[in-house]
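Undergrad: Structure provided below as structure tokens; questions to follow.
The values are calculated or read from the model by the stated rules, or taken from the named source; none is laboratory data. Since the structure is predicted, the reported quantities are computational estimates derived from the model, not experimental observations. Cβ sites come from the backbone with ideal geometry, for glycine too, and all protein chains shown count toward neighbours.
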């Protein structure tokens, strides 16, 4: 199983800094959340084991947040030590799709999108942990509406 750090590094490896395609910690958190949600919906199992919590600015994997928090709202550099062999084809396709669909949006747009979704709404009022079951239930509804997946 991958870690949330592996998923994050994959997304960061897709950035084209010359084209202005930059990812902040806020945006990265949302992309990792969407990857976990769609993986749960499609395959019935988590993509990574680390928990996701409902924070003020949307879903956050705390362990991942603390890795990049010193950068504030600045762009996270593209990783230089990528090992693509740890990602199987199915996972790469999913992550590429999440990046294509959701990566086009700003961090704040993604933040606002997650605030309208049940997993965050439920968790923010019930202790803060976004459960895999609430994500799976919600993201299954998105598979019907979102033909890309």
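Undergrad: Residues in the range 77-89: is at least one part of a loop (DSSP other than H, G, I, E, B), over 11 Å from the mean Cα position of the chain (by Cα) and buried (at least 16 other Cβ atoms within 10 Å of the Cβ)?
TA: Within the range 77-89, the subset part of a loop (DSSP other than H, G, I, E, B) is 77-83, 87-88.
Then drop every residue that is not over 11 Å from the mean Cα position of the chain (by Cα), which leaves 77-83, 87-88.
This time we only want the ones that are buried (at least 16 other Cβ atoms within 10 Å of the Cβ), so: 78, 87.
Within the range 77-89 (the criterion being part of a loop (DSSP other than H, G, I, E, B), over 11 Å from the mean Cα position of the chain (by Cα) and buried (at least 16 other Cβ atoms within 10 Å of the Cβ)), the answer is yes, since at least one residue qualifies.
Undergrad: Here's another thing I want to ask about it. Six or more apart or on different chains, Cβ under 6 Å: which pairs go from a residue in the range 98-122 that's within 21 Å of residue 9 (Cβ to Cβ) to one that's in a loop (DSSP other than H, G, I, E, B)? Could you list them?
TA: 99/14; 101/148; 107/24
Undergrad: Enumerate the pairs (first residue in the range 12-34 and on the phi > 0 side of the Ramachandran plot and without any contact (Cβ under 8 Å) to a residue 24 or more places away in the chain; second residue anywhere and outside any helix (DSSP H, G or I) and surrounded by fewer than 23 Cβ atoms within 10 Å (Cβ to Cβ)) with beta-carbon separation below 7 Å, excluding pairs fewer than 6 apart on the same chain, so at least 6 apart or on different chains.
TA: Pairs found: none.
Undergrad: Consider only pairs whose beta carbons are under 8 Å apart and that are at least six residues apart or on different chains; among these, list those whose first residue lies in the range 74-91 and is under 16 Å from residue 5 (Cβ atoms) and whose second residue is assigned to a loop (DSSP other than H, G, I, E, B) and modelled with pLDDT of 95 or more.
TA: Filtered contacts from the range 74-91: 76/23; 76/24; 91/47.
Undergrad: So residue 18 ticks every box in (1) modelled with pLDDT of 95 or more; (2) part of a helix (DSSP H, G or I) but one. Which box is left unticked?
TA: (1)
Undergrad: Could you pull out the residue among 33, 65, 10 that is touching a strand residue (DSSP E or B) at 6+ places or on another chain (Cβ under 6 Å), at pLDDT 95 or above and part of a helix (DSSP H, G or I)?
TA: Working: 65 fails: touching a strand residue (DSSP E or B) at 6+ places or on another chain (Cβ under 6 Å); 10 fails: touching a strand residue (DSSP E or B) at 6+ places or on another chain (Cβ under 6 Å).
Exactly one residue qualifies, and that residue is 33.
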